Amino acid sequence: MKKLKFFWGTLKETFTEWNNSSATKDSASLAYYAIFSIPGLLIIIIWIAGNFFGQEAIQGQISSQINSMMGEDAAKSIEDIIAGALVDKHNIFMKTVGVFALVFGATTVFFQLQKALNDIWDVESAPKKAVIKFLLDRANSLGMILVIGFLLMITMILSSAISLLNNYITSRLGLETYVLMEVVNFSVGFVLVVLVFAFMFKVLPDAEISWKAVWSGALLTAILFTIGKFLLSLYFSELKPTSAFGTAGTIVLIMIWINYSCMLIFFGAEFTKIYSQQKGYKIVPSRHAKWSAKKLYEDSLVNKEAVPENNS
């Protein structure tokens, strides 16, 4: 009962902080950046995972995932975007420029996400060694893409194995065993989502955050994301909110989805922050960061109120 009360109190405070923050504006901005980052992001993932399973197989898996979330039209549009952004592998100069452009574009969305998370944690980049910090931020963003690609491979392996064993399991071992395998598939997929959010909350912000708080925030975010994924898929398939936008409907749909996902990420980050504060976990800026001016000003006000006036 005490843990439930603590969780509920933390959740209410999180909602208040999240509602008063710039989460809505930041989510809309990230949805805009993501439209330009999607080609590079997906192509890099296809290159990485394609070395193990073939590019066509990975493209099919990505298309299947998008189809399950946003529908067939969105999946087809994403396929066209990927095809239009493929780098010319025969021209060395264009290949070099193309790869650089893809990496820069793909990491931009995570770069902007890092800035938004820094605002939540009240930290900002230190002015010294700005070039090194910029390169480190881009490297962290690229690391996020590599992690997503690796986890996509694991998801694909498991899904492919269950698909291949579908008939055998049903005919030889019974329907109950097949249902159990599907439950295992869903559970592993959920754990991978938790890992993505945990890695995001731990690596992207310029703050040293306790793993205990990170896991709690990642778990809550994954639960909300899974529920929201189902509800949004139902909403898109039944009500078709983008039908009024014509050919631009797919872009609008993608932006709606990304906007929603970012708002959940910010909510999870706020929960991680409040959880850390409630538990008394130490939070400090990373090596190349410092407390924001807003944080320092608020701390100075608190310290000023804490010091009693000298009436002598």
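None of the figures in this text is laboratory data; all of them are computed from the coordinates on show. In this text, all values refer to a predicted model and were calculated from it rather than measured experimentally. So basically every Cβ, Gly included, is an ideal-geometry build from the backbone, and we count neighbours across all protein chains shown.
Which trypsin sites (Lys or Arg not before Pro) does segment 250-302 hold that lie in a coil by DSSP with at most 15 other beta carbons within 10 Å?
Answer by residue number: Lys282, Arg287.
Mind listing the long-range amide H neighbours of Ser21? Cut-off is under 5 Å, sequence gap 5 or more, other chains count too, H placed in the peptide plane at 1.01 Å from N.
For Ser21, no residues qualify.
Per residue of segment 251-257, what does 6.51 cos²θ - 1.76 cosθ + 1.60 with θ = phi - 60° give for ³J(HN,Hα)? Whole Hz please, x for Gly and Pro, Karplus curve as stated.
Listing the rounded values in order: 4, 4, 4, 4, 5, 4, 5 Hz.
Starting from the amide H of Ala289, placed 1.01 Å from N in the peptide plane, find each other amide H under 5 Å away whose residue is 5 or more places distant or on another chain.
Correct list: Ala126.
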